[in-house]
Amino acid sequence: MPYPEALVTPMRHELTQLGIEELLDAEAVEKALDESKQGTTLVVINTVCGCAASSARPAIAMALRHPVQPDRTVTVFAGQDLDATARLREYLAGIPPSSPFVALLKEGEPVHVMERRHIEGRSASAIATDLVHAFDAHCGAEAASSEASEPAPAAENGLPPTFRSIL
């Protein structure tokens, strides 16, 4: 059963006021995932928990002030946008479901993942610093030129390097 809309509306606005696109259903997620195959996309699974309020959402706001940005930013709300959240989690197979959750996709593939365990108990500024480093490494023209000259790290067990934390 979803959370009452009146409860989550202020928490939704904390991200949408930053220009992050809300994906309210599975079809919107499908469209965004299709668009993510070009460029970079920051994906946020928002939630009502305390670590989302005290750390994740403020960190995202801080990171989005950085000059290097992903091409697009999208969010779903766990516990509210049930179909959208389920579809996004299906797409991220191999990454355990968690909320809050942040992933940077490049050409449709996760290149940086922050699960709840990477957020809970950490300051918003520390999380924002991690996001800024990911933006610098994977977004913009400078990241594209440095990646062209350096080979991608080898995958373990056939999975991309971002999946190492769950092996």
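General remarks:
- Sequentially through the stretch 42-57, phi angles give Karplus couplings (6.51, -1.76, 1.60; θ = phi - 60°) of 8, 10, 10, 9, 8, 7, 8, 5, x, 6, 5, 6, 8, 10, 5, 5 Hz, Gly and Pro residues having no value and appearing as x.
- Put the Cα centre of the stretch 117-134 next to the Cα centre of the stretch 57-116 and the gap is 13 Å.
- Trypsin sites (Lys or Arg not before Pro) lying in DSSP loop within the stretch 1-53, provided at most 13 other Cβ fall within 10 Å: 37
- Environment charge of residue 119, counting only residues whose C-beta is closer than 11 Å and scoring Lys/Arg +1, Asp/Glu -1: +1
- Gain upon complete extension [residue 16, residue 38; 0.36 nm per residue less C-alpha separation]: 5.7 nm
Read-outs: derived from the displayed coordinates by stated rules, not from any lab. Predicted model, so just to flag it, every value in this text is computed and none were measured. Because the Cβ atoms are built from the backbone with ideal geometry, glycine has one as well, and the counts that use them run over all protein chains shown.
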